[in-house]
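Q: A single structure is presented below for examination.
Laboratory data are not the source of any read-out in this text; all were calculated from the coordinates shown. Note that this is a predicted model, so its numbers are computed, not measured. Cβ placement follows ideal geometry from the backbone for every residue including glycine, while neighbour counts extend to all protein chains displayed.
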Amino acid sequence: MRDARRNPGRRPGQDPDPGVLKRRYLQQVEVFQDLNDAQIHEVERNTRMSTVGPGRLLYQPDEKSEMLFLLKTGHVQIYRISPDGKRFVISNIEPGMFFGEMALLGQALHDSFAETLKQSTLCVISRRDLEYLIGRFPTVGVRIMQTLADRLSEAEAQLEDLALKSLTARLATLILRLSSNANARVTGLTHNDLAERVGTSRETATQALNELKSAGLIAIGRKRIDVLNRQALEDLAEAY
């Protein structure tokens, strides 16, 4: 039988202290990985945790940019809406990533939507507290700027694809990026999800996917795409 004295102040089976769980999470976020325990405690005091359900808009265009969000659990999508109502996905935020970085860059208003796709737990930092933390711990600012530089490079590549590549080449590029695992498979995305990521309609995306299928490059199932000929798909992705 485990000695309860090893965990003073807490009964066996009792949930860990929320503050401890929060600090564990913050230590796993890349921008805070250079901080020691005492510094993580200070970050904890300047952040708050919140859980929201799916379909929640965390911000939208023309709203004031005053918060930085760190995603602990769940899934958040950043997107824009075209004048004709089409959604174009800019990025998908996974646990451990941050977003809402316009608060760092002095931009007064957001220019995109941030929406939870499922129940999500977020750590929220106000702009004032973020400026304080960066002043106290410059490595946090360096980490953030490194991440922003990577995202800028990705955004430029995405814009190049949209401007220069055919739809089938854009889809091939997306499938290759999403299937970079051992079983060469993309799962969990509908044709509409794929369409939103390459800037087209669901019907047009479905037609292009069927072309890739007919050419023997992929196999299509329910929310599943299997890569059958990766080399041919790579050749197509490089075409303009």
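Q: Can you return the lysines within cross-link range of residue 72? Criterion is Cα-Cα under 19 Å, with same-chain partners fewer than 8 residues away left out.
A: 22, 118
Q: Normalising by the residue count of the range 17-162, find the relative contact order in percent from Cα pairs under 8 Å and 6+ residues apart. Write down the numbers at each step before the final one.
A: Numbers: 241 pairs, mean separation 44.7, N = 146.
Averaging sequence separation for qualifying contacts and normalising by length gives 31 percent for the range 17-162.
Q: State the Cα centre-to-centre distance between the range 28-67 and the range 70-100 in whole Å.
A: Each part's Cα centre sits 16 Å from the other's.
Q: Per-residue ellipticity at 222 nm for the chain, helices alone: DSSP H runs ≥ 4 residues times -39500 (n - 2.57), over residue total, nearest 500 deg cm²/dmol?
A: -12500 deg cm²/dmol
Q: So, one more: Work out from phi, with θ = phi - 60° and the Karplus expression 6.51 cos²θ - 1.76 cosθ + 1.60, the ³J(HN,Hα) of each residue of the range 204-210, listed in order in whole Hz, and give x for Gly and Pro.
A: Once θ is set to phi - 60°, the couplings for the range 204-210 become 5, 5, 4, 4, 5, 5, 5 Hz.
Q: Here's a follow-up. Using alpha carbons only, how many angstrom separate the centre of the range 129-157 from the centre of the range 188-204?
A: First find each Cα centre; the distance between them is then 31 Å.
Q: Going by alpha carbons, how many degrees (0 to 90, nearest 10) lie between the helix axis of 138-164 and the longest principal axis of the chain?
A: 10
Q: Still on this structure, I have one more. Can you give the charge dipole size of the range 171-219 about its Cα centre, rounded to the nearest 20 debye, using +1 on the beta carbon of Lys and Arg and -1 on the beta carbon of Asp and Glu?
A: Values: 5 positive and 4 negative charges, 31 e Å.
In debye, rounded to 20, the range 171-219 gives about 160.
Q: Ok, one more. What is the order of 124, 20, 89, fewest Cβ neighbours within 10 Å to most? Working shown, then result.
A: Numbers: 124 15, 20 11, 89 18.
Ascending number of Cβ neighbours within 10 Å: 20, 124, 89.
Q: Which peptide among 142-149, 226-233 comes first, and what is the full order, when sorted by highest mean count of other Cβ atoms within 10 Å?
A: Highest to lowest by the protection proxy: 226-233, 142-149.
Q: Here is a follow-up. Any aspartates and glutamates with Cα under 20 Å of the residue 165 Cα? List them, leaving off those in the same chain fewer than 8 positions away.
A: Reachable aspartates and glutamates: 154, 156, 193, 196, 203, 211, 234, 235, 238.
Q: Now, a different point. Counting other beta carbons within 10 Å of each residue's own, what order do 132, 59 fall into, fewest first?
A: 132, 59
Q: Of the listed values [x] 152; [y] 169; [z] 120, grab the one calculated as volume of the Cα convex hull per residue in Å³ from the structure here.
A: Only one listed value fits the structure, namely [y].
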